[in-house]
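Colleague: This is the structure I want to talk about, given as structure tokens.
The values are calculated or read from the model by the stated rules, or taken from the named source; none is laboratory data. Just so you know, these numbers come straight off a predicted model, no measurement behind them. All Cβ positions, even for glycine, are placed from backbone atoms using ideal geometry, and neighbour counts span all protein chains on display. Ligands, DNA and RNA are stripped out before the accessible areas are found, and what is left, the full protein with its side chains, is counted by its heavy atoms. Shrake-Rupley method; radii C 1.70, N 1.55, O 1.52, S 1.80 Å.
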Amino acid sequence: MQTPYNNPYIDADLAALGEQARRFATGRVAPGFQERDRTRVLDRTLMREMGALGFIAPELPEEVGGLGTGTLAAGVIHEEIARADLSLSYINLLASLNGQILANYGQPEVAKPWLQRLTKGEALIAIALTEPSGGSDAANLRLRMERTADGYVINGEKTSISAADQADAIIVFGRTGSVESGAHGVTAVLVPGDAQGLTRSRFDCHGQRAIGRGSLFFENVRVPLDHRLGDENRGFVQVMQGFDFSRALIGLQVLAVASVALEETWAYTAQREAFGKPLSAFQGVSHPLADFETQVNAARLLCLQALWLKDQGAPHSAEAAMCKWWAPKLAYDCIHQCLLSFGHAGYDRGPMEQRLRDVLGFQIGDGTAQIMKTIIARARAGRGAVPA
Ligand SMILES: Cc1cc2nc3c(=O)[nH]c(=O)nc-3n(C[C@H](O)[C@H](O)[C@H](O)COP(=O)(O)OP(=O)(O)OC[C@H]3O[C@@H](n4cnc5c(N)ncnc54)[C@H](O)[C@@H]3O)c2cc1C
């Protein structure tokens, strides 16, 4: 029988892990999907349960609570949690992105305890790059980080940050060099959520409401030197590499939502009748679904390929950018088609319209399609041939 795991990237161990994650997601995550959209609270009990099962950042080393797997393991878990609730699967996304940054660039005495809390599901860490003046031109950020004898003093604002008001700590990118130094004057630091001088707000988001977004306001926030991630002024050049990982994961995340929408729509159109036949008998109904079925499968393989390349230590920035622009647009268009296939019922508040709202955010968050296509163009034509 065809399963989502019948492909060359997924071996028997990964398939077993995915099936375990699906059982958990079906039993524990799916039931609260719509309720969390209303309450806008990420369920910390579920987060700890996921941690106890090894579902959070399994690619991290065992000494910090990971399973020491490759990144494909993170991928198969991530898509199963996202099938049940995209918002909740932000736990996996943020942990894998930020866990990798902390593990690679943190001072061990600071990073290790945070990583242990992260993998146990006891801490949520956000990442703050975007500012009110813009997100696409990320290297142009303005938030000031002044170096003192024993650390940094931070002043300024970050905005549109996922989990801004729920995170226990935030990886913050700030300007330590001159504005003219661009990407070469940016430093990353870890700021504990209870740091003095840090205040936060929450937006009223269209989708992804359980995780939410908001602003972070820094007023003379002090962080010790050992909270720096990577070298001074190298935050952008070093730490930004982590985004290739999260872009492939985002692809799997939104495509998982599209897949479950397709499954429900095939079942519905097979049993609901019009003009004396099942809806699926009409090619106007079934062929668009078949088109999306084809493309969703293809895009998923591209995401798995990007993670596989990462696990091989091979370059994958262009592939990750392909996942990031294609999958969110495809997932949105697919779920839109599914919603229409339900007729008036699709327009009621319910799982389908929530999925549409949830996936839309990823056409913007983590970089828009235009920026992703610029990354692909640079990889193929050369950076000099594709200036910003
Ligand atoms: C759901 C969601 C979650 C997010 N989570 C986070 C988070 O956790 N952390 C974080 O730091 N940020 C986060 N963001 C912010 C996000 O990364 C930015 O919104 C995004 O990078 C775009 O920046 P902007 O909104 O300032 O748009 P702008 O940079 O102002 O761009 C506006 C439009 O112009 C286009 N554009 C800009 N420059 C070019 C160009 N050179 N060529 C062609 N088109 C261009 C863009 O594609 C976009 O369509 C999130 C956003 C959303 C919606």
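Colleague: Given the conditions (1) within 16 Å of the ligand (Cβ to nearest atom); (2) crowded, with 24+ Cβ neighbours inside 10 Å, report the number of the one that Leu115 does not fulfil.
Modeller: Unmet condition: (1).
Colleague: Could you list, in sequence order, all residues of the stretch 252-269 that are farther than 20 Å from Ser87 by Cα and open to solvent by less than 10 Å² (accessible area, probe 1.4 Å)?
Modeller: Within the stretch 252-269, Thr265, Thr269 qualify.
Colleague: Also, I was wondering about something else. As an exercise: evaluate Leu124 against (1) modelled with pLDDT of 95 or more; (2) under 18 Å from Gly185 (Cβ atoms); (3) open to solvent by less than 30 Å² (accessible area, probe 1.4 Å) and give the number of the one condition it does not meet.
Modeller: Against the list (1) modelled with pLDDT of 95 or more; (2) under 18 Å from Gly185 (Cβ atoms); (3) open to solvent by less than 30 Å² (accessible area, probe 1.4 Å), Leu124 comes up short only on (2).
Colleague: Does Ala74 satisfy the condition of being open to solvent by less than 10 Å² (accessible area, probe 1.4 Å), more than 14 Å from the ligand (Cβ to nearest atom) and small (Gly, Ala, Ser)?
Modeller: Yes: the conditions hold for Ala74.
Colleague: Now for a separate question. Going through the stretch 239-251 one residue at a time, which ones are open to solvent by 10 Å² or more (accessible area, probe 1.4 Å) and over 20 Å from Asp333 (Cβ atoms)?
Modeller: Listed by number, the residues that qualify are Met240, Gln241, Phe243, Asp244.
Colleague: Select, from Arg300, Arg272, the only residue that is touching a helix residue (DSSP H, G or I) at 6+ places or on another chain (Cβ under 9 Å), open to solvent by 60 Å² or more (accessible area, probe 1.4 Å) and basic (Lys, Arg).
Modeller: Only one candidate passes the filter, namely Arg272.
Colleague: Continuing with this model, one more query. Working only within the stretch 118-138, note down all residues that are in contact with a strand residue (DSSP E or B) (Cβ under 7 Å, 6 or more places away or on another chain) and either within 13 Å of the ligand (Cβ to nearest atom) or part of a loop (DSSP other than H, G, I, E, B) (or both).
Modeller: Ala123, Ile125, Ala126, Ile127, Ala128, Leu129, Thr130, Glu131, Pro132, Gly135
Colleague: Any idea which of (1) over 17 Å from Arg247 (Cβ atoms); (2) open to solvent by 20 Å² or more (accessible area, probe 1.4 Å); (3) not acidic (Asp, Glu) is the one Lys373 doesn't satisfy?
Modeller: Lys373 satisfies all of (1) over 17 Å from Arg247 (Cβ atoms); (2) open to solvent by 20 Å² or more (accessible area, probe 1.4 Å); (3) not acidic (Asp, Glu) except (1).
Colleague: Within 16 Å of the chain's Cα centre (by Cα), within 16 Å of the ligand (Cβ to nearest atom) and not in a helix (DSSP H, G or I): does that describe Arg247?
Modeller: Taking the combined requirement at face value, the residue does not satisfy it.
Colleague: Scan the stretch 139-155 for residues that are open to solvent by 30 Å² or more (accessible area, probe 1.4 Å) and within 15 Å of the ligand (Cβ to nearest atom) and report the count.
Modeller: 2
Colleague: Given the options Leu309, Leu340, name the one that is without any contact (Cβ under 8 Å) to a residue 12 or more places away in the chain and under 25 Å from Asn7 (Cβ atoms).
Modeller: Answer to the check: Leu309.
Colleague: List pairs: first residue in the stretch 225-248 and over 17 Å from Ser96 (Cα atoms), second residue among the charged types (D, E, K, R) anywhere in the structure, Cβ distance under 8 angstrom, at least six positions apart or on different chains.
Modeller: Once the first residue is over 17 Å from Ser96 (Cα atoms) and sits in the stretch 225-248, its partners that are among the charged types (D, E, K, R) give Leu225/Asp150; Asp226/Glu109; Glu232/Arg147.
Colleague: So in the stretch 336-370, with the set limited to residues that are within 16 Å of the ligand (Cβ to nearest atom) and over 14 Å from the mean Cα position of the chain (by Cα), which one is farthest from Tyr268 (Cα to Cα)?
Modeller: Gln370
Colleague: Taking the stretch 1-41, which residues are of a type in the set (Ser, Thr, Tyr) and either open to solvent by 50 Å² or more (accessible area, probe 1.4 Å) or touching a strand residue (DSSP E or B) at 6+ places or on another chain (Cβ under 7 Å) (or both)?
Modeller: Scanning the stretch 1-41 gives Thr26, Thr39.
Colleague: In this structure, does Ile376 turn out to be closer than 16 Å to Cys303 by Cβ and in a helix (DSSP H, G or I)?
Modeller: Against the criterion (closer than 16 Å to Cys303 by Cβ and in a helix (DSSP H, G or I)), Ile376 qualifies.
Colleague: Hey, another quick one. Which residues, counting only those in the stretch 195-232, are of a type outside the set (Val, Ile, Thr), crowded, with 17+ Cβ neighbours inside 10 Å, within 16 Å of the ligand (Cβ to nearest atom) and in a loop (DSSP other than H, G, I, E, B)?
Modeller: Cys205, Gly207, Gln208, Arg209, Ala210, Gly212
Colleague: How about the stretch 158-194: which of its residues are within 13 Å of the ligand (Cβ to nearest atom) and either surrounded by fewer than 17 Cβ atoms within 10 Å (Cβ to Cβ) or assigned to a loop (DSSP other than H, G, I, E, B) (or both)?
Modeller: Result: Ala163, Ala164, Asp165, Gln166, Ala167.
Colleague: Take the residues in the stretch 100-112 that are under 28 Å from Asp43 (Cα atoms), within 20 Å of the chain's Cα centre (by Cα) and open to solvent by 30 Å² or more (accessible area, probe 1.4 Å); name whichever of them is farthest from the ligand (Cβ to nearest atom).
Modeller: Ala103
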